[in-house]
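Here is the structure we will look at.
The values are calculated or read from the model by the stated rules, or taken from the named source; none is laboratory data. Source: prediction; values computed, not measured. Virtual Cβ from ideal backbone geometry, glycine too; neighbours counted across all protein chains shown. Ligands, DNA and RNA are excluded from the accessible area calculation, which covers all protein heavy atoms including side chains. Shrake-Rupley method; radii C 1.70, N 1.55, O 1.52, S 1.80 Å.
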Amino acid sequence: MRNKITVIGAGHVGETVAFNCARLELGDVVLLDILDGVPQGKALDSFESSPIFGFDSNILGTNDYAETADSDVLVMTAGLARQPGMSRDDLFYKNLEIVETCIAQAAKLSPGAVIIVVTNPLDAMCEVARRASGFPRQRVIGMAGILDSARMRSFIARELGVSVENTHAFVLGGHGDSMVPLARYSTVAGIPITNLMPEDRVDAIIDRTRKGGGEIVSLLKTGSAYYAPGLAVAEMVEAIVKDKHKILPCAAYLEGEYGLSETYAGVPIQLGRTGMEKIVEIELTDDERDAFHASAESVKELIAMIPAATAT
Ligand code: APR
(Lines give C-alpha, C1' and ligand atoms only; values in the text may rest on other atoms or scores of the structure.)
Protein backbone atom coordinates (compact mmCIF):
# COMPACT_ATOMS: atom_id res chain seq x y z
CA MET A 1 0.00 0.00 0.00
CA ARG A 2 1.21 3.48 -0.82
CA ASN A 3 1.98 6.12 1.77
CA LYS A 4 -0.48 8.97 2.09
CA ILE A 5 0.83 12.50 2.39
CA THR A 6 -1.53 15.38 3.12
CA VAL A 7 -0.43 18.92 2.40
CA ILE A 8 -2.61 21.57 4.07
CA GLY A 9 -2.46 24.85 2.17
CA ALA A 10 -2.26 24.87 -1.62
CA GLY A 11 -0.34 28.11 -1.93
CA HIS A 12 3.18 28.44 -3.28
CA VAL A 13 4.82 26.29 -0.64
CA GLY A 14 2.04 23.70 -0.46
CA GLU A 15 1.86 23.13 -4.21
CA THR A 16 5.66 22.80 -4.37
CA VAL A 17 5.66 20.24 -1.56
CA ALA A 18 2.78 18.30 -3.13
CA PHE A 19 4.34 18.28 -6.59
CA ASN A 20 7.76 17.18 -5.35
CA CYS A 21 6.38 14.45 -3.06
CA ALA A 22 4.41 13.08 -6.03
CA ARG A 23 7.27 13.45 -8.49
CA LEU A 24 9.58 11.56 -6.13
CA GLU A 25 6.86 8.89 -5.68
CA LEU A 26 6.92 9.27 -1.90
CA GLY A 27 3.22 8.39 -1.78
CA ASP A 28 -0.21 9.53 -2.89
CA VAL A 29 -0.76 13.18 -2.11
CA VAL A 30 -3.83 15.05 -0.89
CA LEU A 31 -3.65 18.82 -1.32
CA LEU A 32 -6.16 20.71 0.82
CA ASP A 33 -7.02 24.40 0.89
CA ILE A 34 -9.85 26.60 2.07
CA LEU A 35 -10.25 28.09 -1.43
CA ASP A 36 -12.67 26.23 -3.65
CA GLY A 37 -11.12 25.07 -6.93
CA VAL A 38 -7.51 26.05 -6.16
CA PRO A 39 -6.29 22.75 -4.70
CA GLN A 40 -8.36 20.84 -7.27
CA GLY A 41 -6.86 22.81 -10.17
CA LYS A 42 -3.28 22.59 -8.91
CA ALA A 43 -3.61 18.87 -8.16
CA LEU A 44 -5.02 18.16 -11.62
CA ASP A 45 -2.32 20.22 -13.32
CA SER A 46 0.38 18.37 -11.33
CA PHE A 47 -1.19 15.02 -12.10
CA GLU A 48 -1.26 15.85 -15.80
CA SER A 49 2.53 16.26 -15.67
CA SER A 50 2.92 12.69 -14.41
CA PRO A 51 3.10 11.01 -17.84
CA ILE A 52 5.94 13.38 -18.80
CA PHE A 53 7.86 12.88 -15.57
CA GLY A 54 6.85 9.23 -15.39
CA PHE A 55 5.54 9.10 -11.84
CA ASP A 56 2.56 7.08 -10.70
CA SER A 57 1.62 8.88 -7.49
CA ASN A 58 -1.89 10.24 -7.36
CA ILE A 59 -2.52 13.89 -6.40
CA LEU A 60 -5.97 14.81 -5.17
CA GLY A 61 -7.10 18.40 -4.55
CA THR A 62 -9.84 18.98 -1.99
CA ASN A 63 -11.52 21.30 0.53
CA ASP A 64 -12.74 18.36 2.62
CA TYR A 65 -10.74 17.04 5.58
CA ALA A 66 -12.45 13.64 5.22
CA GLU A 67 -10.19 13.02 2.20
CA THR A 68 -7.11 13.38 4.41
CA ALA A 69 -8.02 10.52 6.77
CA ASP A 70 -5.29 8.01 7.65
CA SER A 71 -2.43 10.07 6.32
CA ASP A 72 1.11 9.00 7.23
CA VAL A 73 2.41 12.55 7.03
CA LEU A 74 0.60 15.89 7.44
CA VAL A 75 2.44 18.92 6.10
CA MET A 76 1.11 22.23 7.43
CA THR A 77 1.73 25.11 5.03
CA ALA A 78 -1.56 27.04 5.25
CA GLY A 79 -1.32 30.60 6.45
CA LEU A 80 -0.29 33.98 5.28
CA ALA A 81 3.12 34.50 3.73
CA ARG A 82 5.35 37.40 4.66
CA GLN A 83 4.98 40.67 2.78
CA PRO A 84 7.88 43.16 2.47
CA GLY A 85 8.55 44.89 5.77
CA MET A 86 6.74 42.17 7.71
CA SER A 87 8.77 40.00 10.09
CA ARG A 88 7.93 36.35 10.58
CA ASP A 89 6.67 37.32 14.01
CA ASP A 90 4.13 39.80 12.59
CA LEU A 91 2.40 36.79 11.13
CA PHE A 92 2.03 35.27 14.57
CA TYR A 93 -1.59 35.93 15.52
CA LYS A 94 -2.98 35.47 12.01
CA ASN A 95 -1.28 32.16 11.49
CA LEU A 96 -1.83 30.89 15.03
CA GLU A 97 -5.55 30.64 14.43
CA ILE A 98 -5.12 28.99 11.04
CA VAL A 99 -2.65 26.38 12.32
CA GLU A 100 -4.78 25.59 15.36
CA THR A 101 -7.97 25.05 13.33
CA CYS A 102 -6.36 23.07 10.51
CA ILE A 103 -4.26 20.81 12.73
CA ALA A 104 -7.10 20.08 15.15
CA GLN A 105 -9.22 18.82 12.24
CA ALA A 106 -6.50 16.92 10.40
CA ALA A 107 -4.89 15.28 13.46
CA LYS A 108 -8.21 13.79 14.57
CA LEU A 109 -8.52 11.97 11.23
CA SER A 110 -4.88 10.84 11.07
CA PRO A 111 -3.98 10.01 14.68
CA GLY A 112 -0.78 8.18 13.73
CA ALA A 113 0.65 10.80 11.37
CA VAL A 114 3.90 12.70 11.62
CA ILE A 115 3.23 16.44 11.36
CA ILE A 116 5.71 18.70 9.57
CA VAL A 117 5.06 22.38 10.19
CA VAL A 118 6.15 24.99 7.65
CA THR A 119 3.87 27.94 8.50
CA ASN A 120 5.73 30.90 10.03
CA PRO A 121 6.73 31.99 12.59
CA LEU A 122 7.94 28.43 12.40
CA ASP A 123 9.06 27.49 15.90
CA ALA A 124 6.01 29.00 17.60
CA MET A 125 3.63 27.43 15.04
CA CYS A 126 5.22 24.04 15.82
CA GLU A 127 4.15 24.52 19.43
CA VAL A 128 0.62 25.51 18.33
CA ALA A 129 0.47 22.32 16.23
CA ARG A 130 1.84 20.18 19.08
CA ARG A 131 -0.87 21.45 21.43
CA ALA A 132 -3.69 21.34 18.86
CA SER A 133 -2.85 17.76 17.82
CA GLY A 134 -2.05 16.36 21.26
CA PHE A 135 0.67 14.31 19.51
CA PRO A 136 3.96 13.43 21.23
CA ARG A 137 6.93 15.63 20.37
CA GLN A 138 8.41 12.88 18.20
CA ARG A 139 5.59 13.46 15.71
CA VAL A 140 5.44 17.26 15.53
CA ILE A 141 8.52 18.74 13.91
CA GLY A 142 9.27 21.84 11.90
CA MET A 143 11.01 22.45 8.60
CA ALA A 144 13.61 25.19 8.88
CA GLY A 145 17.17 23.94 9.23
CA ILE A 146 17.29 22.10 5.90
CA LEU A 147 16.24 25.30 4.15
CA ASP A 148 18.61 27.51 6.14
CA SER A 149 21.53 25.16 5.56
CA ALA A 150 20.65 24.78 1.86
CA ARG A 151 20.84 28.56 1.59
CA MET A 152 24.19 28.61 3.36
CA ARG A 153 25.48 25.78 1.16
CA SER A 154 24.48 27.59 -2.01
CA PHE A 155 26.30 30.75 -0.86
CA ILE A 156 29.42 28.73 0.08
CA ALA A 157 29.44 26.98 -3.30
CA ARG A 158 29.11 30.26 -5.17
CA GLU A 159 31.79 31.95 -3.06
CA LEU A 160 34.34 29.19 -3.67
CA GLY A 161 33.24 28.19 -7.17
CA VAL A 162 32.73 24.56 -6.14
CA SER A 163 29.89 22.10 -6.59
CA VAL A 164 26.99 22.49 -4.17
CA GLU A 165 27.29 18.72 -3.71
CA ASN A 166 30.65 19.24 -1.94
CA THR A 167 29.14 21.57 0.61
CA HIS A 168 27.71 20.89 4.02
CA ALA A 169 26.34 23.54 6.38
CA PHE A 170 25.27 23.44 9.98
CA VAL A 171 22.62 25.79 11.36
CA LEU A 172 21.19 25.77 14.87
CA GLY A 173 18.50 27.76 16.66
CA GLY A 174 15.22 29.41 15.72
CA HIS A 175 14.16 30.02 12.12
CA GLY A 176 14.64 33.74 12.19
CA ASP A 177 17.28 36.38 12.09
CA SER A 178 18.70 35.02 15.36
CA MET A 179 19.51 31.59 13.86
CA VAL A 180 23.03 30.33 14.54
CA PRO A 181 24.97 29.14 11.48
CA LEU A 182 28.06 27.29 12.76
CA ALA A 183 31.03 27.99 10.49
CA ARG A 184 33.36 25.40 12.05
CA TYR A 185 30.86 22.60 11.28
CA SER A 186 30.20 23.92 7.76
CA THR A 187 32.48 22.24 5.29
CA VAL A 188 33.50 21.76 1.67
CA ALA A 189 34.50 18.13 1.03
CA GLY A 190 35.00 17.76 4.78
CA ILE A 191 37.22 20.88 5.14
CA PRO A 192 35.80 23.60 7.45
CA ILE A 193 34.98 26.76 5.51
CA THR A 194 37.02 28.71 8.07
CA ASN A 195 40.12 27.11 6.43
CA LEU A 196 38.99 28.00 2.93
CA MET A 197 38.02 31.67 3.01
CA PRO A 198 38.87 34.80 4.98
CA GLU A 199 36.91 35.57 8.12
CA ASP A 200 35.06 38.51 6.58
CA ARG A 201 33.69 36.25 3.80
CA VAL A 202 32.58 33.66 6.35
CA ASP A 203 30.84 36.44 8.29
CA ALA A 204 29.17 37.74 5.13
CA ILE A 205 27.84 34.24 4.31
CA ILE A 206 26.53 33.80 7.85
CA ASP A 207 24.80 37.18 7.70
CA ARG A 208 23.23 36.44 4.31
CA THR A 209 22.04 33.04 5.54
CA ARG A 210 20.36 34.64 8.57
CA LYS A 211 18.57 37.10 6.32
CA GLY A 212 17.98 34.61 3.48
CA GLY A 213 14.19 34.51 3.82
CA GLY A 214 13.94 38.30 3.92
CA GLU A 215 16.15 38.62 0.83
CA ILE A 216 13.65 36.59 -1.20
CA VAL A 217 10.66 38.49 0.25
CA SER A 218 12.18 41.84 -0.72
CA LEU A 219 12.79 40.61 -4.27
CA LEU A 220 9.41 38.95 -4.79
CA LYS A 221 7.48 41.77 -3.09
CA THR A 222 4.25 39.75 -3.04
CA GLY A 223 5.19 36.62 -1.12
CA SER A 224 7.98 34.49 0.26
CA ALA A 225 10.22 31.65 -0.87
CA TYR A 226 8.82 28.33 -2.04
CA TYR A 227 11.15 26.32 -4.30
CA ALA A 228 13.79 25.63 -1.65
CA PRO A 229 11.26 25.36 1.22
CA GLY A 230 9.12 22.93 -0.81
CA LEU A 231 12.06 20.66 -1.59
CA ALA A 232 13.31 20.84 1.99
CA VAL A 233 9.96 19.47 3.14
CA ALA A 234 10.12 16.71 0.53
CA GLU A 235 13.49 15.65 1.96
CA MET A 236 11.87 15.31 5.41
CA VAL A 237 8.89 13.41 4.00
CA GLU A 238 11.27 11.05 2.23
CA ALA A 239 13.25 10.40 5.42
CA ILE A 240 9.98 9.54 7.19
CA VAL A 241 8.21 7.37 4.62
CA LYS A 242 11.39 5.51 3.66
CA ASP A 243 12.39 5.16 7.35
CA LYS A 244 15.85 6.41 6.50
CA HIS A 245 17.03 7.31 10.04
CA LYS A 246 18.46 10.39 8.39
CA ILE A 247 20.09 13.13 10.43
CA LEU A 248 18.67 16.47 9.37
CA PRO A 249 18.44 19.88 11.01
CA CYS A 250 14.79 20.37 12.03
CA ALA A 251 12.77 22.28 14.61
CA ALA A 252 12.23 19.96 17.58
CA TYR A 253 10.61 20.33 20.99
CA LEU A 254 13.39 20.26 23.53
CA GLU A 255 13.07 18.60 26.91
CA GLY A 256 16.46 19.34 28.45
CA GLU A 257 18.61 18.87 25.35
CA TYR A 258 21.16 21.64 24.86
CA GLY A 259 20.15 22.92 28.32
CA LEU A 260 16.73 24.04 27.01
CA SER A 261 13.23 22.83 27.65
CA GLU A 262 9.61 23.54 26.76
CA THR A 263 10.55 25.23 23.53
CA TYR A 264 11.14 24.44 19.87
CA ALA A 265 14.55 25.07 18.36
CA GLY A 266 16.47 23.99 15.30
CA VAL A 267 18.74 21.05 16.16
CA PRO A 268 20.06 17.99 14.32
CA ILE A 269 17.57 15.14 14.69
CA GLN A 270 17.37 11.58 13.41
CA LEU A 271 14.27 11.19 11.28
CA GLY A 272 12.48 7.94 10.42
CA ARG A 273 9.09 6.31 10.15
CA THR A 274 8.08 7.18 13.71
CA GLY A 275 9.17 10.80 13.29
CA MET A 276 11.96 12.14 15.45
CA GLU A 277 13.95 9.15 16.70
CA LYS A 278 16.48 11.18 18.62
CA ILE A 279 18.04 14.58 19.03
CA VAL A 280 21.75 14.71 18.27
CA GLU A 281 23.63 16.84 20.80
CA ILE A 282 26.98 18.34 19.85
CA GLU A 283 29.56 20.21 21.92
CA LEU A 284 29.25 23.97 21.59
CA THR A 285 31.73 26.67 22.50
CA ASP A 286 30.57 29.24 25.07
CA ASP A 287 29.87 31.80 22.33
CA GLU A 288 27.92 29.31 20.25
CA ARG A 289 25.88 28.21 23.27
CA ASP A 290 25.12 31.84 24.18
CA ALA A 291 23.97 32.60 20.63
CA PHE A 292 21.85 29.43 20.54
CA HIS A 293 20.23 30.19 23.89
CA ALA A 294 19.53 33.80 22.85
CA SER A 295 17.83 32.50 19.70
CA ALA A 296 15.79 30.00 21.76
CA GLU A 297 14.84 32.80 24.15
CA SER A 298 13.20 34.79 21.35
CA VAL A 299 11.19 31.67 20.42
CA LYS A 300 10.15 31.23 24.06
CA GLU A 301 8.84 34.80 24.13
CA LEU A 302 6.58 34.02 21.17
CA ILE A 303 5.45 30.72 22.68
CA ALA A 304 4.47 32.63 25.82
CA MET A 305 2.13 34.70 23.63
CA ILE A 306 0.11 31.61 22.61
CA PRO A 307 -3.23 32.02 24.42
CA ALA A 308 -3.71 29.55 27.25
CA ALA A 309 -6.96 28.48 25.56
CA THR A 310 -4.94 26.71 22.86
CA ALA A 311 -5.50 23.04 23.61
CA THR A 312 -2.68 21.16 25.32
N1 APR B 1 -7.33 26.36 5.72
C2 APR B 1 -6.73 25.92 4.60
N3 APR B 1 -5.96 26.70 3.83
C4 APR B 1 -5.79 27.97 4.21
C5 APR B 1 -6.38 28.51 5.38
C6 APR B 1 -7.18 27.63 6.14
N7 APR B 1 -7.78 28.04 7.27
N8 APR B 1 -6.02 29.80 5.49
C9 APR B 1 -5.23 30.08 4.43
N10 APR B 1 -5.08 28.97 3.66
C11 APR B 1 -4.34 28.83 2.41
C12 APR B 1 -4.55 29.99 1.45
O13 APR B 1 -5.81 29.87 0.78
C14 APR B 1 -3.37 29.83 0.52
O15 APR B 1 -3.69 29.02 -0.61
O16 APR B 1 -2.94 28.84 2.63
C17 APR B 1 -2.32 29.13 1.38
C18 APR B 1 -1.09 29.98 1.63
O19 APR B 1 -0.45 30.15 0.42
P20 APR B 1 0.48 31.38 0.05
O21 APR B 1 -0.21 32.65 0.42
O22 APR B 1 0.95 31.19 -1.34
O23 APR B 1 1.69 31.25 1.09
P24 APR B 1 3.00 30.34 0.91
O25 APR B 1 4.03 31.09 0.15
O26 APR B 1 2.60 28.99 0.43
O27 APR B 1 3.49 30.27 2.43
C28 APR B 1 2.75 29.54 3.39
O29 APR B 1 4.70 28.89 4.62
O30 APR B 1 6.94 29.51 4.46
C31 APR B 1 5.72 29.73 5.12
O32 APR B 1 5.84 32.06 5.77
C33 APR B 1 5.21 31.14 4.93
O34 APR B 1 3.55 31.00 6.66
C35 APR B 1 3.74 30.97 5.25
C36 APR B 1 3.45 29.56 4.73
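Annotations for the structure displayed:
- Helix axis angle, 38-48 relative to the chain longest principal axis, alpha carbon, degrees: 90 degrees
- In range of the label at Asp287: residues from the stretch 147-186 whose backbone nitrogen is under 15 Å from the point 7 Å along Cα→Cβ: 180-186
- Reference-scaled alpha-carbon Rg (2.2 N^0.38 Å with N residues) for the stretch 84-204: 1.30
- Using distinct alpha-carbon pairs, which all enter the 1/r mean, Kirkwood radius of the stretch 75-127 in Å: 11.4 Å
- Rolling a 1.4 Å probe over the protein heavy atoms gives the stretch 197-309 an accessible area of 49 Å² per residue.
- Approximating the spin labels as points 7 Å out from Cα along Cα→Cβ, the Ile247-to-Thr222 distance works out to 4.3 nm.
- Per residue accessible area in Å² of the stretch 34-127, where ligands, DNA and RNA are left out and the probe is 1.4 Å: 45 Å²
- Normalised by 2.2 N^0.38 Å, where N is the number of residues, the alpha-carbon radius of gyration of the stretch 24-80 equals 1.13.
- Gyration tensor over alpha-carbon atoms, the chain, equivalent ellipsoid semi-axes in Å: 30, 23, 18
- If you sort Val299, Val38 by accessible surface, 1.4 Å probe, largest first, the order is Val38, Val299.
- Debye log10 I(q)/I(0) for the stretch 4-142, one point scatterer per Cα, at q = 0.11 Å⁻¹: -0.36
- Carbon/sulfur fraction of accessible area - the chain, other protein chains in place, 1.4 Å, %: 52 percent
- Here the stretch 4-142 is assigned +1 on the Cβ of each Lys and Arg and -1 on the Cβ of each Asp and Glu. Its dipole about the Cα centre then comes out at about 480 debye.
- For the chain, built as a Gaussian network whose Cα springs stay under 10 Å, the top-fluctuating residue of Thr263, Thr167, Thr194: Thr194
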